[in-house]
1. Take the residues of the range B:344-360 that are hydrophobic (A, V, I, L, M, F, W, C) and open to solvent by 40 Å² or more (accessible area, probe 1.4 Å): which is farthest from the other protein chains (Cβ to nearest Cβ)?
2. Taking the stated definitions as given, is A:I226 away from chain B (no Cβ under 14 Å), assigned to a helix (DSSP H, G or I) and of a type in the set (V, I, T)?
3. Test A:I285 against the criterion of being closer than 30 Å to B:F77 by Cα, within 22 Å of the chain's Cα centre (by Cα), assigned to a helix (DSSP H, G or I) and not acidic (D, E), and give yes or no.
4. Let me spell it out: the conditions are (1) in the same structural domain as B:G61 (by TED's automatic domain parsing); (2) crowded, with 17+ Cβ neighbours inside 10 Å, and B:T274 meets all of them except one. Which number is the exception?
5. So which strands (runs of 3 or more DSSP E) are wholly in the range B:305-377 and hold at least 1 residues that are closer than 29 Å to B:A212 by Cα?
6. Please go through the range A:237-278 and pick out each residue that is within 14 Å of chain B (Cβ to nearest Cβ), open to solvent by 10 Å² or more (accessible area, probe 1.4 Å) and not hydrophobic (A, V, I, L, M, F, W, C).
7. Picking from A:G75, A:G85, A:G90, A:G98, which residue would you name as being surrounded by fewer than 23 Cβ atoms within 10 Å (Cβ to Cβ), touching a Gly at 6+ places or on another chain (Cβ under 9 Å), under 30 Å from A:P136 (Cα atoms) and away from every other protein chain (no Cβ under 14 Å)?
8. From the list B:I70, B:I170, pick out the single residue that is outside any helix (DSSP H, G or I), open to solvent by less than 10 Å² (accessible area, probe 1.4 Å) and within 14 Å of chain A (Cβ to nearest Cβ).
Amino acid sequence: MMNMRLVRRDTPLAGGQVRAFVVGLLIALLFGAVLLILSGHSPITVYSKMFDSALGSPRGWSATLTRAVPLGLAGLAVAVAGSMGMWNIGAEGQIIAGAIGGAWIARIAPELPGPVLIPAMLGAAVLGGAFLALGPALARSRLGVNEIITTLMLNEVAIRVVRYLVNGPWKDPEGNNFPIAPELPEQSALPTLFERANVGVLIAAVVVIGFGLWASRSAWGYELKIAGSSEKTAEYVGISMRAKLFTVLVLSGAIAGLAGGIELTGSSSRLVEGVANGYGFTGIIVAALALMRPSGVAAVAVALGAVQIGGEAIQTQGVPSATSNILQALILFGALTAAVFSEYRLVRSAAVPSGAAA
Amino acid sequence: MTSMRKALIALLTMIALIASACGGDDASDTKAAFVMVAPVGDAGWNFMHDQGRLGAAEAAGVETAFVENIPEGGAEFDNAVQNFIDEGYNVIFTTSFGYMDATETFAAANPDVRFEHISGFKMNDTNFGNSFGRMYQPRYIAGMAAGAATESNTIGYVAAFPIPEVIRGINAFALGVANTNPDAVVEVAWTSTWFDPGVEGNAAQALIDAGADVLTMHQDSTATGQAITDAGGTFIGYHSDMSEQVGAYLTAPVWDWTNRYADVIEEAKAGEFTPSAWWGGMADGVVDIAIPDSSPVSGEMDAVKQSILDGDFDVFDQGTIADQDGTVIIDNGQVQVELRDPFDDSVVVAGPGDEVHDGVLLTMNFFVENVVGSVSG
């Protein structure tokens, strides 16, 4: 019997990630073309529509970058935790917590002028996200409780809290009894940057790119790297693992919370149940495609944003949403496979007799 | 100063030129687009809007397109609508309540595009209207069938949210029940969701356990129908003819958006932008009911349907309508008590002696006598 296994390459593929990504993308598009032809659509029309609407015009770019904001921040949140070997599966809930924090400020101080209100809302969003990560961070750093379970389950808590708020105390008195929160004050909308993109794009870019740079150049980032790769080394050189685990997970929640704040002040006119829209979970894919490196998140988020925007736009060509989802998934799968194969290779090995040491 | 002004004028001229170039002279080219909140293949709300789209496309002879699965209150909706506008679609239907605010914003920013929002309450004077149907009319007739079908005299009603639209439907249905069976009660179970087959099925089962042998619903899935089929009872559907999906199906009040959509598109085609808050009834064809031959009261149902079509009968404009405490609210089409807007207690909608106008129906916030349940959810 023949066995296959993945072995890490001694040196990553020449051209590295970029080449692997392009190859993965081409293969995915080829499979997608077969799917489109089988369902009676012209792949050329669909693909060119996909490209045009995401990257073919300033307006397309504005939509793509706007989508890259929550994807990038959620991706960064996951990657930051990931660089310490932790899995923050709770970005979805932390986005919601951030949006709740922001909406709360708008409720208690709706008269504040925009330049004060917006930073206050974004600040509250950061705190909201951090707050939701606080429990898992304490449990992990003090008691060694697995953060995957705690962060994952807090998503459910967050969705129920927002549902309670819009059904109960925060229900819009003018909303005809629909479970919606009141409209946000007008001056809380983030100013427009270009076309449909708002200043949130700049804020997210500074945070995502800035953090990537900082993590790779600062002493703090270096400590993070050490602590992430070897606990023993970290303790030998005097890094407190406890403090590191705690700070990093809370920071991760804070970044996701910011995404919720920007979604609220940028894309939404009021707090709605679906404010996180799955971005927190997609953030895990973003981080995985960036190989858990904060520095790779920005590029991946923009690429994935373009795929999503393009994928949504082709519905107007008569492509059903299910087919469009399959296409997006194929592209993701291709890119993810490529990311793996740029660092690993497949080797055939003879079957290992049972009982033998591997 | 002068040079800056010149530059400004030049800039404005350029913008105007570009705008006029983009504006296009193909205004006669009407294309209609639809935004749906869930996949259209669900036999419910979205399915009926897609049927309406297909019918209107044929009737008005225009190109149509749709996007489905677009969440409410997010950037995806904005992208979808902007894509349609960029592609030259100039009549846009947004078919879910939660699209209301965003549709309003788009209407203000795109004066050349006509927007029609379904089931909301906002509009403007130029290019943004809303449409809905008087579903309470066929619900009354469905209630007549339910009253005749029940043996336990308990009819279950699985309902989404305690908003006036749903409450009105429950009351109309219960009045229809009372017409054919004065001893029967309508028991309401709230789900707090439009679409969740699991929750809907549980609510249906709770009603069956409470003794209901006939169920109906104001939901988007057929879960209620499945539960009552399993229990060997009778199902009265909603949205569409569900006879193929549900074994226990008897009848259903249904939507038919074809005529309304065709009318809006024709108006836009003719260049007549007259937004309105359109609330059509059975006579307009937007709502209807199939009268089952198997029902022992099919003759009476036919007669009521005919008098609704003729304008001789209105569900809330006849008889004595009392609330759950027995207080008479409406008597022979005259309001008997002071009715206030449930969302703004300072607004008096109608007082004693007033006629039952649409405002009374649109703010309805009480249950009629033979309903078991609470309007506060």
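The values are calculated or read from the model by the stated rules, or taken from the named source; none is laboratory data. Everything quoted here is computed from the prediction, not taken from an experiment. Don't worry about glycine lacking a Cβ; one is built from the backbone with ideal geometry, like all the others, and counts go over all protein chains shown. Areas reflect the complete protein model, heavy atoms only, side chains present, ligands, DNA and RNA absent. Shrake-Rupley method; radii C 1.70, N 1.55, O 1.52, S 1.80 Å.
1. Of all residues in the range B:344-360, those hydrophobic (A, V, I, L, M, F, W, C) come to B:347-350, B:356, B:360.
With the extra rule that they be open to solvent by 40 Å² or more (accessible area, probe 1.4 Å), the set shrinks to B:347-348.
Numbers: B:V347: 11, B:V348: 17 Å.
So the residue we want is B:V348.
2. yes
3. Values: closer than 30 Å to B:F77 by Cα: yes; within 22 Å of the chain's Cα centre (by Cα): yes; assigned to a helix (DSSP H, G or I): yes; not acidic (D, E): yes.
In short, yes.
4. (2)
5. Per the criteria, B:320-322, B:328-331.
6. If the condition is that a residue be within 14 Å of chain B (Cβ to nearest Cβ), open to solvent by 10 Å² or more (accessible area, probe 1.4 Å) and not hydrophobic (A, V, I, L, M, F, W, C), then A:E263, A:G266, A:S267, A:S268, A:S269, A:R270, A:E273, A:G274, A:N277, A:G278 are the ones that fit.
7. On the way: A:G75 fails: surrounded by fewer than 23 Cβ atoms within 10 Å (Cβ to Cβ); A:G90 fails: surrounded by fewer than 23 Cβ atoms within 10 Å (Cβ to Cβ); A:G98 fails: surrounded by fewer than 23 Cβ atoms within 10 Å (Cβ to Cβ).
A:G85 is the lone residue from the list that is surrounded by fewer than 23 Cβ atoms within 10 Å (Cβ to Cβ), touching a Gly at 6+ places or on another chain (Cβ under 9 Å), under 30 Å from A:P136 (Cα atoms) and away from every other protein chain (no Cβ under 14 Å).
8. Details: B:I170 fails: outside any helix (DSSP H, G or I).
The match here is B:I70.
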